Each structure stands twice: as C-alpha cells, then as structure tokens.
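Every number here is computed from the coordinates shown, using simple stated rules; none is lab data. Computed from a prediction, not measured in an experiment: that's the story for all the values here. In this analysis, Cβ positions are derived from the backbone assuming ideal geometry, glycine residues included, and neighbour counts consider all displayed protein chains.
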Amino acid sequence: MLAWLGILLFVVFGMSALAIDLSYLAVTKGELQNAADAAALAAISALKGGQSRKEAIDAAQAVAAKNAATGQSVQLAANDITFGSYDADSDSFEKENFNNASAVRVNARRAADAPGGPVGLFFAGIWGQTSADLEAEAIAAMRKRDIVIVQDITFSFLEEIEDAKVADAALVNQIAKQALAGDRVGIVTFNEAATKDLALTSISDEKQTVLNAVKKIKACPNSSQKNCAGTHIAPGLQSATSIFSTSTNAEKVLVLVSDGMPYPSNRRPLAISAADAADENNVNIFVVTLTQEKKGGSYGSGGADAEFNAGLVRGYGKAYETANAKELDDLLLKILQEMPIRLVQ
C-alpha cells in the first residue's frame, strides 16, 4: 500500500512540476512576444524615418532591452532582425535588401545560441530537462497605400504651380523609393470643377506614368477662362473619393494642396460635406495650404484660409501650411511619415 502511495505521490509531484514549468514557459513566451512586438515597431519606425540599417537595428535592440523575460533584459542579436517585404494577401514575409525593405521581422529568442541563453526550468529536471528554448516572432510593416493628390489649379496658383508640381513629384518619388508593394497614386486637379487626371496607378510598375501626369498639370492662365473664377474644393474631394472605389486592403489617403479656400463662401459647407463623405469611406485627408496669397489679396476676397482648410482633415490626416511655395515639397514628404505602421504578425 505504501509503495503504491509513494508511486502516486511521485506522479502527482511530477505532474505538478510539469504544470509549473509549462506555466512559467507560457509567461516567458508572452514576455518575449511583447519585446519582439516593440522591437519590430521601433525598427520599422526607423526604416520609415529614413535611418540606416545600423540605426534601425540599434533601435530594435534598445527597445527590446527595455523589456524583460524571466527577469532578464531581452537581448537581440543583429541576425534576429530581418528586413524585407510583407504581402498581406498571402500573409508572407520575404527577405529583401535593406534599401528595398518595407517590413521588419524580429525574432526574440531564449536559446543556447541566443544572447540570453535558454530558459531555465524549475522542476523538469526530474524528467531530465533542465532548460528549454523559446522564440517569439513579430512582423511590422507599412501597409500598402492608395494615395490621391488633389491639386488646386486656380488662377491664384499660376505663379506657384511649378513649385507645387515639384512637390507632387517629390511625393511620388519618395513613395517609389519606399518600394512598398501595392502602392498606387492617382491625381485630381480642380478649380471651379474637378478633373480626374490619373486613376490609381501602380508606382512600382508605372512610376513614370504618374510623374508624366504631374508634369502635365497646368494652372488657369487667367480668371476669365471657364471654371477659373473661383475655388471649389468640394468637387476635388468628391472626385478623389470616387477614385478610391477601386481600393481594397489599402490605406486610402487624400492629399489636398491648395492656396485658397472655397470661394464664394456658399461653397464652404459643400467642402465640409465632401470631406465627411470621404471620411465615411475611410479616406484619410491631409491638407497642405500655401498661405502666400492672403485673404483680400491681389486675387480678390478668396485668398488662403489655412484654418478653414485644416477643418477638412479627416482620419489620421494632418494640416500643414507655409507661406513659401519652395517648402511645399518638404510638407508633402512629411505626410508619408504620418502614415501608420502596423504589426501584421
């Protein structure tokens, strides 16, 4: 009887020991996952910010080290951080050259060949197991984007339109440089009416087509020409929103570039309604206002109203303004920094 009791106690103790160690490993796996998630986001943020490969790795390692697993700081080796691209449709990560990377994979490990070594166990030694290897993986990526540039071409923009085109082209080139698979760009121009100059077009396949469309943009040569007597932002927003009807599984971003405001004033509520309609279709609106032409200036009582235009921002968009047309390119490039990065795995 005592012999059976001894065997039973041994089994119960062994199962209890196993349960304790398994729980300990589950907690540790969660800690490693937190570190991997944070490190991946830090690395992709550095990548998006134009930092070097070393800076991105340093950022991931520094953030990981602020997390603990089994009471020890999580240490990442350089080869635990991989740069590449992520395909949302196939849910797959592919290693790429750093210059072409749009995603980062981080493996936070506790193993014999990892900086922190394996995870020590409490009681599993009675089964001949004194340690265990654990790994947590995280992938952070910049999601593919559909971006429509809505460019003001009213007469008041005539003297600065070439600067605006330089800014639009800089945005297109930077999107191409980021090499995020699936990115597309469309173009709408507007004065009192709107024109769809370019449907959403793949940057990776047809960048030059997009740049050629930018190059063809022309402002109204005089205010007496048809549709050139005032600024009507609403049709520009509406045309861009309709272009997004072909968007699937992509960030929808509208970039409004204007040096005025809806004029006459009865066009203001129409612009607000158009922005609301875009928001209902999950379109994020960024606004860049050139304030060089003040209200009541040489082009009449319209002029620039950056405060009103800022009220058209929707989603995670932001409003920017400058009185210097030469700074438009810097502002449009800032917009790319505001687009979200995501943990995808």
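Neighbours of Gly182, meaning other residues whose beta-carbon lies under 11 angstrom from its beta-carbon, give a summed charge of -2 when Lys and Arg score +1 and Asp and Glu score -1. Each residue of region 79-87 was assigned a 3J(HN,Hα) from its phi angle through the Karplus expression (A = 6.51, B = -1.76, C = 1.60, θ = phi - 60°), giving 7, 7, 10, 10, 9, x, 9, 10, 9 Hz with x at Gly and Pro. Do any trypsin sites (Lys or Arg not before Pro) in region 165-245 lie in a loop, going by DSSP, with at most 16 other beta-carbon atoms within 10 Å of their beta carbon, and if so which? Here the trypsin sites (Lys or Arg not before Pro) that fit, given the DSSP loop and packing criteria, are Lys216, Lys218, Lys226. The longest stretch of the chain left intact once loop-based chymotrypsin sites (Phe, Trp or Tyr not before Pro) with at most 13 other Cβ atoms within 10 Å are removed from consideration, loops following DSSP, is 123-315. Per residue of the chain, the DSSP helices (runs of n ≥ 4 H) give a summed -39500 (n - 2.57) that works out to -12500 deg cm²/dmol at 222 nm.
For region 73-106, backbone nitrogen atoms closer than 16 Å to the point 7 Å from Glu55 Cα along Cα-to-C-beta are found at 98-101.
Each distinct pair of alpha carbons in region 68-221 adds a 1/r term; the inverse of their mean, the Kirkwood radius, is 19.3 Å.
Along region 94-111 the Karplus relation, 6.51 cos²θ - 1.76 cosθ + 1.60 evaluated at θ = phi - 60°, assigns HN-Hα couplings of 10, 5, 9, 4, 3, 5, 9, 6, 9, 8, 9, 10, 10, 10, 8, 10, 10, 7 Hz to successive residues, with x for each Gly and Pro. The DSSP beta bridges internal to the chain are antiparallel in roughly 55% of cases.
Computed from the C-alpha gyration tensor, the three semi-axes of the ellipsoid equivalent to the chain are 56, 19, 16 Å, from longest to shortest. Subtracting the Cα-Cα distance of Thr209 and Asn281 from their residue separation scaled by 0.36 nm leaves 23.3 nm.
Taking region 307-326 and a reference point 7 angstrom along Cα→Cβ of Arg342, the backbone N atoms nearer than 14 Å belong to 316. Go ahead and set up a Gaussian network model of the chain, Cα springs under 10 Å, then flag whichever of Gly30, Gly317, Gly236 fluctuates most. Ranking Gly30, Gly317, Gly236 by mean-square fluctuation puts Gly30 first.
Around the amide H of Ala77, modelled in the peptide plane, lies no amide H under 5 Å away from a residue 5 or more places distant or on another chain. Give me the net charge of Ala60's neighbourhood, meaning all other residues with Cβ under 12 Å from the Cβ of Ala60; Lys, Arg count +1, Asp, Glu -1. Charge balance near Ala60 sits at 0. Calculated on C-alpha atoms, the gyration radius of region 145-343 divided by its Kirkwood radius gives an Rg/Rh of 0.94. To two decimal places, what compactness ratio does region 53-95 give when its Cα radius of gyration is scaled by 2.2 N^0.38 Å? After normalising by residue count via 2.2 N^0.38 Å, the value is 1.42. Considering every alpha-carbon pair of region 17-104, the percent of pairs per 10 Å bin, from zero through the bin containing the longest distance, is 18, 40, 27, 12, 3.
Once the Cα atoms are used to define both axes, helix 328-338 deviates from the longest principal axis of the chain by about 30 degrees. The phi-based Karplus calculation (6.51 cos²θ - 1.76 cosθ + 1.60; θ = phi - 60°) puts the 3J(HN,Hα) values of region 55-72 at 5, 5, 5, 4, 5, 5, 5, 5, 5, 4, 5, 7, 9, 10, 9, 6, x, 10 Hz, whole numbers, x for Gly and Pro.
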